[in-house]
Amino acid sequence: MKTYILKLGALALMLAALPGLRAQEKATVTLHADQGKNIISRHIYGQFAEHLGTCIYGGLWVGEDSDIPNTQGYRNDVLGALKELSIPNLRWPGGCFADEYHWMDGIGPRDQRPRMVNNNWGGTVEDNSFGTHEFLNLCELLGCEPYVSGNVGSGTVEEMAKWVEYMTAEDGPMAKLRKQNGREKPWKVKFFGVGNESWGCGGSMRPEFYADLYRRYSTYCRNYNGNQLFKIASGASDYDYNWTEVLMQRVGNRMNGLSLHYYTVMDWNQKGSATDFDAAEYYRTLGKCLEIEQVLQRHIGIMDKYDPDRNVALMVDEWGTWWDQEPGTIPGHLFQQNTLRDAMVAALTLNVFHKYTDRIQMANIAQIANVLQSMILTKDDRMVLTPTYHVFHMYKVHQDATYIPLDVQCERRVVRDDRIVPTLSATASRDDEGTVHISLANIDLENTCDVEIALGDVKGKSVSGIILTTRNIDDHNTFEQPDKVKPADFSDARLVKGTLKVTLPAKSIVTLSIR
Ligand code: AHR
């Protein structure tokens, strides 16, 4: 049977690749707005900024003395672009970096801060000029919640406890030190991670050992002056279900959230080029991307066993594509380009997160600038917005909206490595004003797709839309051609008696608004 499906899949791929055999595919979507009860947490649209390559230095921060136009040291172009995304939260300082980071090195006069070697990421010397104040002030400028990742791997309980006190207490020795460093009022810090990848770069621990350490470290992360920490335990990667089992069993309600990392990577030894790939690799990538749904179901199933009331949130605080770094860039800095394929991965993954929003309360794409699947790429004083940025922009209408359950039926599926990839993916939500937003992705490289959307009790008089597509799937924005891939108005959708009829071009992502 398996061989039969694979052969059919290969045949479908071959046919799709033949010029002149393009077809009009058909699909239906049925909305169940009457069943919508869960809010899509805006925190699913979280970002991640690690001391890695040029994410922070050069990407976000250039310092007040830079020739690059900046506000208090943050580059103006990047600030402006990020504000447009309505970022809900920003995770910092890592990643792997967090478990080697000693926060006291990053406070006080910048020219007196000690240096360190960034052992995880290319051995670059870190001058600590971007520290706690610079991060928390950035969050205030962006209007987002900080998500601070504490050091369990190589830091002490005392160090972590004092960091929380420094950031959030009104009075006391740490508050006094903060005031001496120029910040009178404490910041509000909601999300606090107790370690990162503690099974790997965060300490190579067994889950049983980490569970005890979590209990110990988190005990001393106090709530000062009305600041209420949402404590997040370091979670599993991918298919490590035992980690989740042990943490749920041994930590349970002592954590508010449990993290999960899932990268769209086919082979960690041969990740492949971000821009040079064929149709087979494209579909394979999307198959791996969509596999996140099964992975989530398994982790959520384990969580449900111990926590049926869903008090502990699942936080997918690292996700996205991970390709070979761009040729000619510094090894270990993970600078990669971003094509329409990455945009597809973003759209498909967000669609899955929406579906499980009753358990998934946060997600953080890796990373915000110049690292992995970035929103933004910078080079000196230039900046480009990636196709992934545009998806986040088109999808921001779903933040904090009510998820509308839906069924998708599409004729065509592509089979790759045992993974079946339906060529249409969809999600929908209703915002506070009653506007219904539907996002659709036609992943098919060759064929347009006629979609009929049964709206049920969604009533609307007008529909508007925006589309992201391009001539070639490997198109991307460069410093020379920054607008090669960008959204445009979309008008191929019409309301006909309770049905929305949409014609999606091949390889396109569309967000529709029904008012
Ligand atoms: O995002 C890059 C790295 O991936 C992070 O530092 C680490 O947590 C993960 O392995």
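Some notes on this structure:
- Dipole moment magnitude, nearest 20 debye, region 42-401 about Cα centre, only Lys, Arg, Asp, Glu C-beta charged: 940
- Over all other residues within a Cβ to Cβ distance under 13 Å of Pro69, the charged ones net out to -4, with Lys and Arg as +1 and Asp and Glu as -1.
- ³J(HN,Hα), Karplus 6.51/-1.76/1.60, whole Hz, each residue of region 447-453, x for Gly, Pro: 9, 6, 9, 8, 10, 10, 10
- The share of alpha-carbon pairs in the chain lying farther apart than 45 Å comes to 12%.
- Full extension of the segment from Asn269 to Asp171, taken as 0.36 nm per residue of separation minus the current Cα-Cα distance, would add 30.2 nm.
- Rounded to the nearest 10 Å², the accessible area of Val352 at probe 1.4 Å: 10
- Here is how the number arises for the chain: DSSP H runs of 4 or more residues each give -39500 (n - 2.57), the sum is divided by the residue count, and the result at 222 nm is -8000 deg cm²/dmol.
- Compactness of region 276-426, expressed as Rg and Dmax over alpha-carbon positions, Å: 16.7, 51
- Disulfide-incompatible cysteines by the Cβ rule (no partner under 4.7 Å) in the chain: Cys55, Cys139, Cys144, Cys221, Cys289, Cys410, Cys449
- Two numbers describe the Cα atoms of region 243-330: Rg and Dmax, which are 16.7, 50 Å.
- Summing Cβ point charges (Lys, Arg +1; Asp, Glu -1) relative to the Cα centre of region 39-163 gives a dipole of roughly 280 debye.
- For the chain, relative contact order (Cα pairs under 8 Å, six or more residues apart, normalised by length) works out to 20 percent.
- With Cα atoms as the point set, region 170-272 shows a radius of gyration and Dmax of 17.1, 52 Å.
- Rounded accessible area of Asp212 (nearest 10 Å², 1.4 Å probe): 90
- Taking a Cβ cut-off of under 13 Å around Ala175, the surrounding Lys, Arg, Asp and Glu residues balance to a net charge of +3, with basic ones at +1 and acidic ones at -1.
- Karplus-based coupling profile of region 384-397, in residue order and whole Hz: 10, 8, 8, x, 5, 3, 5, 5, 4, 5, 5, 8, 5, 4, with θ = phi - 60° in 6.51 cos²θ - 1.76 cosθ + 1.60 and x standing for Gly or Pro.
- With the charge dipole of the chain set up from +1 on Lys and Arg Cβ and -1 on Asp and Glu Cβ about the Cα centre, the Cα lying farthest toward the positive end among the listed residues Ile509, Trp103, Ala169 is that of Ile509.
- Cleavage-rule hits (GluC sites (Glu not before Pro)) in region 169-231: DSSP loop, at most 13 neighbouring Cβ within 10 angstrom: Glu170, Glu184
- Calculated FRET efficiency for the pair Ala454/Asn119, C-beta based, R₀ 56 Å, to 0.05: 0.50
- Rounded, prolate or oblate (a/c below 1.5 giving rounded, otherwise prolate when a/b exceeds b/c) for region 384-500 by Cα gyration tensor: oblate
- Placing +1 on each Lys and Arg Cβ and -1 on each Asp and Glu Cβ, with no other charges, gives region 351-429 a dipole about its Cα centre of roughly 120 debye.
- Cα gyration tensor shape for region 217-287, rounded if a/c is under 1.5, else prolate or oblate: prolate
- Dimensions of region 438-480 from C-alpha coordinates, computed as largest minus smallest value along each principal axis and given longest first, are 46, 24, 11 Å.
- DSSP-defined beta bridges in the chain - what % are antiparallel, rounded to 5: 60
- In order through region 326-343: 3J(HN,Hα) via Karplus (6.51 cos²θ - 1.76 cosθ + 1.60), integer Hz, x for Gly, Pro: 4, x, x, 9, 5, x, x, 9, 6, 7, 9, 7, 8, 10, 5, 4, 5, 4
- For region 53-201, relative contact order (Cα pairs under 8 Å, six or more residues apart, normalised by length) works out to 24 percent.
- Ranking Trp319, Tyr282, Gln294 by how far each Cα lies toward the positive end of the dipole of region 271-332 (charges on Cβ) leaves Gln294 at the top.
- Using the Cβ-Cβ distance between Arg298 and Gln112 with R0 set to 51 Å, the FRET efficiency from 1/(1 + (r/R0)^6) comes to roughly 0.55.
- Among residues other than Leu455 with Cβ under 15 Å from its Cβ, the summed charge is +3 (Lys and Arg +1, Asp and Glu -1).
The values are calculated or read from the model by the stated rules, or taken from the named source; none is laboratory data. Just so we're clear, the structure is a prediction, and the values are computed from it rather than from any experiment. Positions of Cβ are generated from backbone atoms using ideal geometry, with glycine treated the same way; all protein chains shown enter the neighbour counts. SASA here: full protein model, heavy atoms, side chains in, ligands and nucleic acids out. Shrake-Rupley method; radii C 1.70, N 1.55, O 1.52, S 1.80 Å.
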